[in-house]
Structures are given as structure tokens and as C-alpha cells.
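The structure's right below; bear with me while I get my questions together.
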Amino acid sequence: MVQKSWNLPNVGSLEPGPAGARCRLLGSVRLTYTLCAFLTNVLHMGMRNMLGLIILRMVKAHPEDALLQAAASHKLDNITVTPNCGSGVWQQHSYDVVQSGDLPWSRSQALTFPGVFYYGYVIALPLAGHLTDRFGGKMLFINSLTLQALAYIVLPSMAYYSYAAAVTTLVLSGIFAGCGTPPLYQLFVTWAHPTERTSMLSFAYSGLIVGSIGIYPLASYLSDFGWTVPFYVLGSVSMLYGLSCNWLIYNSLEQHPRLTAEEREYLQQFAQKPQHLRIPWRSLLTSLPVYAFVLTHVFHNYTFLVLSLVMPRFMREAMQFNLREIGLLSSAPFIGSLLSKVICVFSCSYLERRLFANLSCLRRVLYTVCSGVTIILIGIIIIASCEQKTLVFLIFVLLGSTTDMGFSGGYWPTLLYFAPSFAGLISGLANCLGHMSGFVAPHVIAKFVHTGIKSEWNYVLLTLILFNALAIIVFGLFSSTALQPWDPRSQTSTSPTNANNSTRETPN
């Protein structure tokens, strides 16, 4: 089987000509596409993550919800709920029991509904790369966002019709979202000069964090006017923006009507076509570093998806924040992730240059430390009571930072070292398997959390400790940054024939 490789050339080997040196970024089509990619990531992540918060406003309270039942059946200022808090006393005014939800869904349905998105997302990921190669990045890029937006606009109507209709709509939304990831990256091959790709890609993908931080307070505010409002507002904005991209994004230099001759020459200096590489399936499927990378991503991604899907519900039930507070506080892990990105940008490249000979050891130590600290932080949250709200909020900020640092500086970059020629294939497989946690985790949570008390949520936190421990074991024992002998680049220096079929390593 032959694969198209879009791996990028080594930035350090590029020497732009005089035209390249004079081409400004401000006002260029390169900057236009980078901003489009950034905003697309903001909207994609906003639509994905707001479900965990809005579901709290969508569904009616049920008798099986012990806390809400207690609040509804007492008119006193203080309500005793012994199993929930360390002190056993719950202040009613601190827990907003007013819900605007009117959907008669069960608690189990409400818990699992946000994760339904990932059924479609996982289905789309293996197909999206092929569709991008066949139809071009522009068509998939635009249709992915507009169709996902359309699904969100009709989702409230489907939810009123039936739970099954809402689930079907959300699965379709996940399929549309999954189809948008490969074209977003692939278009950077055309619209970013190799010497600018690292910074442009970093900025574009920072939209995922910005979207995660901003959506919770925004959705909380909009839902005060009705739980359907965030779907209509975000869906409409995303659809209008997606349609406008039709006049902003193009597949090739020849198709763009506003590309100047100067910028065209600048981008054509290192124009790259995909090379066809034969995939060594037997070697790839028996490689320990490949299994270590994929399994580590599966275990690590579980923590990220649990925080994304149920963070608002945990803050609501276990920590007894009211709905207005949850909008801001649910962003805590993503604020930590943003801090981690800043640290990685300014430190990882320096450490890699200084410790390149021991890079494999560096990655293992960094990931072990980050995941070890994550386990300790989760343990503190388990011990903490719902009265220690400030402490738990700060712990979640640190938790988001250590989780993201383990990803950005620990295991994820190793793929570009041990199998750079097949980075797209392996990362696609890892993402497909890793995002299965998105629909598995809510079912696990529904089995543990029946009434919402803190002791039940502690079992969910224990699963986070388990998966982080498994990731430490797998990555610590079996990972590697050494270029594998089955990768074509390992033969570059010894075989001129094979050298012609490989591409140079990229820092991206």
C-alpha cells in the first residue's frame, strides 16, 4: 500500500531568496489563512465543549438526584446532607437549584449525551485524510464547519422531538467535525512558507485552547436566556463564518485571486508535492515504540476528555458551585493548558538542543514527572471537601498544566523522531483510538455517579489515576525517539535510491 506523505522539510536547511526576504506577513494571504484556521479551531472546540455545560440546563431535575431532591423538599436555609460534604452541612443559597431545563431525559441519558459526539468524530477521522487528498482541503474545510453549525442549529428541535433524534444529530455533528482536522493542516503546506510553518501552526492550534477557555462563560451567559440560545448563536456564527471562508481560502496558489506576484514567488520557492511511500505494515504493527505512542495517547487522552465532558457537572454536583459560577470555573484546566503552552514554547526547544543525545530519556523523565504530579493533584481533589472550592479550582488549573505539558513536551513529539515519514498515519490511528474515550468515559461515569455526591465522583477521579499510571508504565518502558530502521529516512545516508523516496525531518 502507498501513502501520500505531506511531511515538511527541515526549516534549518532553507535559505529564502531575496524575494522571500522582502515578503511581508501583514496583509498577506498567508496571514489570512492562519487567522481562518485559528478561528475555525476556536469555533470547533467551542461547539464541542459547550455540551458539558448546557446539558445541565437542558434536562429536568429528577427525584434520583439526591441533592436537588433535598433542596426541593426543604424550605430551610441550611440542609443536612451527610454523605456529601466533610462538614455534613450544605448551604442551600450556595447551590442554585433553579433549572431552566424542560427535557424529560433520565440522568443516565444526560450523562452520556455529550459523549455521543465522539461516536461520529471517531468514525470520521480515518476517512478524513483520504477525502482531503481526493477533493482538496478547501471543500472539506468549509463544509466541515458549516455542516457542524447546521447540526447545532437543528439540535434543539431534535432534542424536543426525541432523545434518539438528538443523538443522531450529535453523531452527525461529530462526523462533520472530524472531517475538518486533516484539511486544516494540509492547507498549511500550500499557504505557509516552511520557515513560518512552526509559528503559524502553533498560533492556529492555540485556537483549541482559546475556544475551550472562552466557551464556558459565554455559554453560561447565553443559557440564561434559554438553553437553546447557545446552540442558535454559536451555530449561526459558525455557519456565516464558514460560508465566508469560501472567498478567503483556496486550494492552490493558481486559484487565489488576491495573491500578489511577490508572495506567489515567495511560496513557490519551496513548493512541495506529496511523495508516495510504501507502508511497511508488518514492521509498523510489530514496533514497540508505535504501540507505546498509541497506548500512551489513549490513556492520556482519557484525562483530557473527562475534564472536557464532565467538568461542569463535577463543579455543579460534587463541589456545589451554582450555575453562574460554573461558567467561569469550568475553564480552570484549560487556563492551565494555556500556561503550559507558553512554558513549552520558551523551554522545550532549548532543552532539545542542549540534551539532544539524551532526548529519549528527557521525554520519559518529563512525562513521568508530569503524570506523577497529575496523580498527586487528583489525589488532593479526592481528599478535599466541597467546602474547599478555591483549593480545588487552583488544583484543576495545575492539573490542566501538567496534563498538557506531558502531552506537548512529553510523548506527542516523539512520533516526529522515531517515524517521521508515517507521522500522519500513526497520529491518525492514535487520535482515532484515543477519542474513543469520549463516548466510553460518560458510560463509566454513569455507572459510578448515581446521585452526584462527592464520594461517588471520587471513583471517577480514581479512574483518572489508574489511566495516568498505565500511561507512565507504557511510555516509561517502551517509548523511544530513535529513528526506526523501517522508516525510509533511516536509509537516507546509506541508500541513494531510498533517499529519493524520503523527506527530510520537520520540527513541526
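Could you give the size of the charge dipole of the stretch 280-508 about its Cα centre, using +1 on the Cβ of each K and R and -1 on the Cβ of each D and E, expressed in debye and rounded to the nearest 20?
In total the dipole reaches around 160 debye.
On to the next question. Using a simple spin-label model with points 7 Å from Cα along the Cα→Cβ vector, what separation in nm is obtained for Asp224 and Gln269?
5.2 nm
Note the full-extension length gain between Ala469 and Asp102 as 0.36 nm times their separation in residues minus their Cα-Cα distance, in nm to one decimal.
128.0 nm
Across the stretch 407-416, in residue order, what do the Karplus-derived ³J(HN,Hα) couplings come to in whole Hz, using 6.51 cos²θ - 1.76 cosθ + 1.60 with θ = phi - 60° and x for Gly and Pro?
Each residue's phi maps through the Karplus curve to give 6, 6, x, x, 8, 4, x, 4, 4, 6 Hz.
How much length would be gained if the chain were fully extended between Leu328 and Thr260, taking 0.36 nm per residue of separation minus their Cα-Cα distance, in nm to one decimal?
That works out to 20.1 nm of additional length.
Once you keep just the Cα pairs under 8 angstrom separated by 6 or more residues, what percentage relative contact order results for the stretch 280-508?
Answer for the stretch 280-508 is 36 percent.
Same structure again: Sorting check: for 296-302, 317-323, which peptide has the highest mean count of neighbouring beta carbons within 10 Å, and how do the rest follow?
With the highest mean Cβ count within 10 Å placed first, the list reads 296-302, 317-323.
Also: Rounded to whole Hz and in sequence order, give me ³J(HN,Hα) for the stretch 461-478 from the Karplus expression 6.51 cos²θ - 1.76 cosθ + 1.60, θ = phi - 60°, writing x for Gly and Pro.
5, 5, 5, 5, 4, 4, 5, 5, 5, 4, 5, 4, 5, 5, 5, x, 8, 10
Quick one: grab the alpha carbon gyration tensor of the stretch 200-326, order the square roots of its eigenvalues as a ≥ b ≥ c, and give me rounded if a/c is under 1.5, else prolate or oblate depending on whether a/b is larger than b/c.
Because a/c hits 1.5 or more and a/b fails to exceed b/c, the stretch 200-326 counts as oblate.
Just to check I understand the Karplus step: with θ = phi - 60° and J = 6.51 cos²θ - 1.76 cosθ + 1.60, what whole-Hz values come out for the stretch 334-343, glycine and proline as x?
7, 5, x, 4, 5, 4, 5, 4, 4, 5
How high is the FRET efficiency from Ser283 to Ile123, r the C-beta distance, R0 35 Å, rounded to 0.05?
Computed FRET efficiency for Ser283 and Ile123 comes out at 0.80.
Give the long-range amide H neighbours of Leu103: residues separated by 5 or more places, or on another chain, with amide H under 5 Å away, using H modelled in the peptide plane at 1.01 Å from N.
Amide H neighbours of Leu103, under 5 Å, 5+ apart: Val59, Lys60.
Tell me, Tyr205, Tyr121 in order of fewest to most beta-carbon neighbours within 10 Å?
Result, fewest neighbours first: Tyr205, Tyr121.
Here, each number is a calculation from the coordinates, and none is a lab measurement. Note that this is a predicted model, so its numbers are computed, not measured. Methodologically, a virtual Cβ is constructed for each residue, glycine included, from the backbone with ideal geometry; neighbour enumeration extends over all protein chains shown.
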